[in-house]
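Written below as structure tokens is the structure these notes are about.
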Amino acid sequence: MKSRFERIVIPTDFSDTAQTAIDLGAKLAGYYKSQVDLVNAIDATVYAYAGYPFASLSKELVSSAEQALKRVKLPAGLNEKRFVLSGNPATEIVEHAKRHNSDLVVMGTHGHGAVARFLLGSVADRVLHHAPCPVLITKQPKGTVKHIKSKAKPFARILFPTDFSKTATQALNRAIALTEDMDAELYVLHVVDDSLITTHVDDERKIILKELRRHALDEMKKQLPAELMQHFDTIGAVNRGEPGKAICAFAETHHCDLIVMGSHGRTGLNRVLLGSVADKVVRRAKCAVLIERAKS
């Protein structure tokens, strides 16, 4: 089973963070033999000020963007096109993805942590909410991530966090497909949010947590295909804690280079897998995060 990434959109603002997304997007495109759309979106109204001829400003910005886009280096032999889009960047990126029936958008984020700023400010955040296809968010790496397996392919270790919803099942299919494509290792994780357990009686908490763990393991086993069940003891995990933090901590501890999660909603990321957890994971994770779209 192969993931079908026939057309990949990679927005850039020509920053080092955008270059991280370009590098990974190009690597994926080379592996899948995908068409790459390298796009830069400019909004001339942001720079316009009283007394300056708007038409002239817009023309200068477009010309400058075209030259900068030409200078971006992509691997030789890649099937690629370059586009300068005019208008609100998030809107233009989403509309471009829709017009061209794109299969994936690859974008970068600045920094790490809960308050990390996204590429082009809040553009990546809005693209996540409205893109018609999966969105892969990359992080500018800090140091080298060590793997047991060779990094000849884009991903070596993939983490799939689940809340056992229908959307999670769809994301699981993507995670399994990528695992097969990359000959990667797959981890399946459910996080029990123990802050929701209101009792302060120790024995009661232990009983509830034990039951929640048992239920989670049973549900996890129902979702996984037979071939993965053979390795369930090594790939399946149920942890406790605040889900966003716990998912990111698990990914870091197990040297994962991709987290695959699902999103709810027909056209946007109105509610994400595990409530607001996916948003926290996108902002906090040190590795790439792929948000899979919910199908109507």
>> I'd like to check something: does segment 87-103 contain any residue that is hydroxyl-bearing (Ser, Thr, Tyr) and over 15 Å from residue 130 (Cβ atoms)?
In response: no
> Considering only segment 74-85, how many residues are under 13 Å from residue 37 (Cα atoms) and over 22 Å from the mean Cα position of the chain (by Cα)?
Replying inline: 7
>> It is to be established whether one or more residues within segment 2-13 are assigned to a loop (DSSP other than H, G, I, E, B) and more than 24 Å from residue 174 (Cβ to Cβ).
In response: yes
>> Exactly one of these conditions fails for residue 256: (1) modelled with pLDDT of 75 or more; (2) more than 12 Å from the chain's Cα centre (by Cα); (3) within 15 Å of residue 190 (Cα to Cα). Give me its number.
In response: (3)
> Any idea which of 213, 174 is within 14 Å of residue 259 (Cα to Cα) and out of contact with any His (no Cβ under 6 Å at 6 or more places or on another chain)?
Replying inline: 174
>> Within segment 23-46, take every residue that is crowded, with 21+ Cβ neighbours inside 10 Å and small (Gly, Ala, Ser) and give me the one that is nearest to residue 87 (Cα to Cα).
In response: 41
> Tell me, which residue of segment 187-200 that is crowded, with 20+ Cβ neighbours inside 10 Å and out of contact with any Lys or Arg (no Cβ under 8 Å at 6 or more places or on another chain) is farthest from residue 159 (Cα to Cα)?
Replying inline: 190
> Do we find that residue 51 is at pLDDT below 95, farther than 22 Å from residue 290 by Cβ and part of a loop (DSSP other than H, G, I, E, B) in this structure?
Replying inline: yes
> Does residue 166 fit the bill of being modelled with pLDDT under 90 and under 28 Å from residue 9 (Cβ atoms)?
Replying inline: yes
> Which of the residues spanning segment 64-104 are surrounded by 14 or more Cβ atoms within 10 Å (Cβ to Cβ) and in contact (Cβ under 8 Å) with a residue 60 or more places away in the chain?
Replying inline: 72, 89, 93, 96, 97, 100, 102, 103, 104
>> Can you say whether residue 210 is loosely packed, with under 14 Cβ neighbours inside 10 Å, touching a residue at least 12 places away in the same chain (Cβ under 8 Å) and assigned by TED's automatic domain parsing to the domain that holds residue 261, as far as the supplied structure shows?
In response: no
> Does segment 162-169 contain at least one residue that is of a type in the set (Lys, Arg), assigned to a helix (DSSP H, G or I), assigned by TED's automatic domain parsing to the domain that holds residue 237 and more than 14 Å from residue 239 (Cα to Cα)?
Replying inline: yes
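The values are calculated or read from the model by the stated rules, or taken from the named source; none is laboratory data. This is a predicted model, so every value here is computed, not measured. Counting neighbours? That spans all protein chains shown, and the Cβs are built from the backbone with ideal geometry, glycine included.
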